[in-house]
Amino acid sequence: MQRPPVFLLCFLSLSIAALAKPASLQIDATGTPELTLRGKDARQQLIVTATVDDGALRDWTHQVTFSAAPAGVVSVDASGIVTPVADGAATITAESEGVTASLPVKVKDAGQVEPINFANQIVPIFTKAGCNAGGCHGKASGQNGFKLSLLGFEPGEDYEHIVKEARGRRVFPAAPENSLLLLKGLNVTPHGGGRRLDAKSDDYALLVRWIAQGMPYGQDNDPKVGAIEVLPKQRTMALGGEQQLVVLAHYTDGTVLDVTRSALYEPNEKTMAEADDGGHVKLYDQPGDVAIMVRYQGKVATFRATAPLGAMVENLPPAKNYIDELVFTKLKAMGMPPSDPCDDATFLRRVSLDIAGRLPSLDETNRFLADKNPAKRDQLIDTLLGSAEYADYFATKWSALLRNKRTKPADAPANFGFFDWIRESLRTNKPYNEFVRDILAASGDVADNPPVAWYRQVKEPQQELEDTAQLFLGMRMQCAQCHHHPFEKWSQNDYYSFSAFFSQVGRKPTATKEDEVIFHRRGLATAINKKTKLPVRPAALITGPMDIPADEDPRLALADWMSNRANPFFARTLVNRYWKHFFNRGIVEPEDDMRETNPPSNPELLDALAQHFIASGYDLKTLIRDITRSQTYQLSAVPNNYNKADRQNFSRYYAKRLNAEVLFDSINDVTRTPGNFPGMPAGTRAISLPDNSFNAGSYFLTVFGRPESSSACECERTQEASLAQALHLLNAKDIQDKLASEAGAAAKLAADPRADEEKLRELYVAAYSRAPEANELALARAHLEKPRKGADGKLLDPAQSKRLGYEDIVWAILNTKEFLFNH
């Protein structure tokens, strides 16, 4: 059956959403059947949910008419915000097209004005307005003489700056509206940040009342925000759909208050959704999953929206393992048919590049394509995992992440030793938990224990903590060194107590100049919180402090905690990192930013991968087998009419540029000109280079983004295309030298007596792992037979002309997307 193209499905989905009629309505505010408002300042955002004709739930908050009876108890505006008028009970009704829903409401102490708490009520206004953001008054030096703590994490300091600094010139209790703080915010007095307040808003009125009351700070025993909650937590929405959110702050005394208008909202995929200041979310017409991060007073929560495409998903390829079952389940729910499985030639080239970092040889390609064994793909995967190139390629990946950086010639023995240790660990398939433990708990010198080399680059406990958290736990904790993490739950205390695991790392010189021995210094492990100036003991994330005797190395306790089967970060981070390697996108993206406010696109898949990885004994090769044997990995990269825009659901293979080392080696393979690196044996492949020092002597590796091993972030390896890369492939001297080499492919093919058709097939197989198509073959043969003239205008002899023709063809192949990308 011919299906409509994806743009028509999107149009139909939007049209159906617009024409849908409510079968029933439901009003919600706090997740309870009744609403209670207490005090004059109480506010509550309502949510109205419609069950439409097809049974789906849709937000109807901004499509109903609100009323309240009896009158005079509460007021409800058009957007669903309820405010108290007088004590009593009433019923709020929402009506749309003859369908109604109601919610009982009670008002207590409507005339009572509660004392204002600076931290709970005033600071959030500055955060919402952006006054304490890093680009404004929240930066370290402040802005134009006025400083606030970043995102309001230090309300005590903010109070000092506003109320007491500069003789209190910013606030004027005798005439609050004339306070400089407000005049600047309204932009009545010129303000570099422009207008940040509305004189008709509740925030402005609250600021005026706070100043009129004499700028109270609040009492020490006033309740504080313990957590925030967003309603609804999750919703399946139509393309282009809308959803009103409600944000509730849970205070330490059990009070729950609506803070919807005071919270901040940020989508993790800005191309998929937007959210306004009132928590009103609007989706665009791109199917997929999007999370809206909600932030209020250092607490975060997440609303997750799923927008299905809505096509029929049938005739799926057979699932080969648990990965396929979970991916295909998601595709069915999304209404997104996957691409067809790829052919053998595509798979051979893809998996060889992904596992071994190289193109398959002519012999490998011919044997694989001729093989009729249905298990040949699985057998190929096993062969590649057993190859030396697999160990080299993944050792290069880990060497960069583990900062195996050479800053001076004397570092070479340590760099080579560490790289060899990584490569041997991968070759022998050392369990990942043991691999990590050997690095974190390394002691001795590099000659006897190569993982000690990691401590040559990460010298301070804070740096060791940050690399450990980002690389092995998927946590970017750098922000928490100075203030509470703005997107996570980690505090400064979490940061320094985690760094305490490394506080007893000792160093002493050896007989070798500039070398050192790493050892555990006896004593209680502690770190000083720079803010509180108080010592903190080692504490694991979530599980809390550990009681570690003074004679035990705390790094061993850290390694034990990390590899515990119940650890929610360790295995999930690794499988997500490897998934990104093979699919060019993590289930969580970026792959090392696995926070609550950046949820996975397929949580069930991520959890299943992690659990299988743990059950295998942290077996890296088994994980790679699971991924590459799956039908999901073996789908074509060619999109169909439905999944062209998909970047989350793995409905096809996501093509990716060859990285610097692999592209360098692949060009050498096709041109038949081996690379040479100073200090390395002739013919050494770029994927076997042990450290960053070879970048300086190879413009190619630098311009194509080989990392300098300066951080533990995968982002250091650039995959983006650039003009410099294009120009280098088109006309750089080293590329031209390879094309014109007497020992190169062009010269050898031109001199080869075989038929051009046979030689061209060989060239195409070497570059693409496939034979040329008829039109490609005809075009190449015509180019070879074309007469050519020299610089003097005379015709070249046929042999020289054919050689130039082959140089042109090889050059053209190297510049095609099919060659430059793994697809």
Any idea how many residues of the stretch 126-176 are open to solvent by 30 Å² or more (accessible area, probe 1.4 Å), in contact with a His (Cβ under 9 Å, 6 or more places away or on another chain), at negative phi and not aromatic (Phe, Trp, Tyr)?
5
Given (1) assigned to a loop (DSSP other than H, G, I, E, B); (2) within 36 Å of the chain's Cα centre (by Cα); (3) surrounded by 14 or more Cβ atoms within 10 Å (Cβ to Cβ), index of the condition Gly192 fails:
(3)
Expected single match for touching a residue at least 24 places away in the same chain (Cβ under 8 Å), closer than 28 Å to Arg456 by Cβ, polar (S, T, N, Q) and in contact with a Lys or Arg (Cβ under 6 Å, 6 or more places away or on another chain) among Ser688, Ser709 is Ser709
Could you tell me which residue of the stretch 650-667 is nearest to Glu716 (Cα to Cα), considering only residues that are of a type outside the set (A, V, I, L, M) and open to solvent by less than 10 Å² (accessible area, probe 1.4 Å)?
Glu661
Within the stretch 679-705, can you find the residues that are under 16 Å from Asn659 (Cα atoms), open to solvent by 40 Å² or more (accessible area, probe 1.4 Å) and part of a loop (DSSP other than H, G, I, E, B)?
Arg685
Show the residue pairs that are 6+ apart or on different chains and have beta-carbon atoms under 6 Å apart, the first residue being within the stretch 379-395 and without any contact (Cβ under 8 Å) to a residue 40 or more places away in the chain, the second being open to solvent by 10 Å² or more (accessible area, probe 1.4 Å) and among the acidic types (Asp, Glu).
none
Unique match (being open to solvent by less than 10 Å² (accessible area, probe 1.4 Å) and more than 30 Å from Asp691 (Cβ to Cβ)) among Ser630, Ser636
Ser630
Which condition does Val575 not pass, out of (1) touching a His at 6+ places or on another chain (Cβ under 9 Å); (2) among the aliphatic types (A, V, I, L, M); (3) over 30 Å from Tyr654 (Cα atoms), if it passes all the others?
(3)
So Asn187 passes all but one of these: (1) in contact with a His (Cβ under 9 Å, 6 or more places away or on another chain); (2) assigned to a loop (DSSP other than H, G, I, E, B); (3) open to solvent by 50 Å² or more (accessible area, probe 1.4 Å). Which condition number does it fail?
(1)
Kindly state which helices (runs of 4 or more DSSP H) lie completely within the stretch 706-823 and contain at least 1 residues that are of a type in the set (Lys, Arg).
733-740, 745-751, 756-768, 774-785, 798-814, 817-820
Here is a list of conditions, (1) surrounded by 18 or more Cβ atoms within 10 Å (Cβ to Cβ); (2) in contact with a Phe, Trp or Tyr (Cβ under 9 Å, 6 or more places away or on another chain); (3) modelled with pLDDT of 85 or more, and Ala527 meets all of them except one; can you say which number that is?
(3)
Just one of Trp561, Trp490 is within 30 Å of Ile614 (Cβ to Cβ), of a type in the set (Phe, Trp, Tyr) and at pLDDT 80 or above; which is it?
Trp561
Suppose the filter is polar (S, T, N, Q), open to solvent by 50 Å² or more (accessible area, probe 1.4 Å) and closer than 21 Å to Thr622 by Cα; does Gln379 pass it?
yes
Can you tell me how many residues within the stretch 407-425 are open to solvent by less than 70 Å² (accessible area, probe 1.4 Å) and among the β-branched types (Val, Ile, Thr)?
1
Give the number of residues within the stretch 274-300 that are within 19 Å of Met237 (Cα to Cα), touching a strand residue (DSSP E or B) at 6+ places or on another chain (Cβ under 7 Å) and either in a loop (DSSP other than H, G, I, E, B) or not basic (Lys, Arg) (or both).
15
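The values are calculated or read from the model by the stated rules, or taken from the named source; none is laboratory data. Treat the numbers as computed from the prediction; the structure is a model and nothing was measured. Backbone-built Cβ (ideal geometry, glycine too); neighbour counts: all protein chains shown. Accessible surface areas use protein heavy atoms only, side chains included; no ligands, DNA or RNA. Shrake-Rupley method; radii C 1.70, N 1.55, O 1.52, S 1.80 Å.
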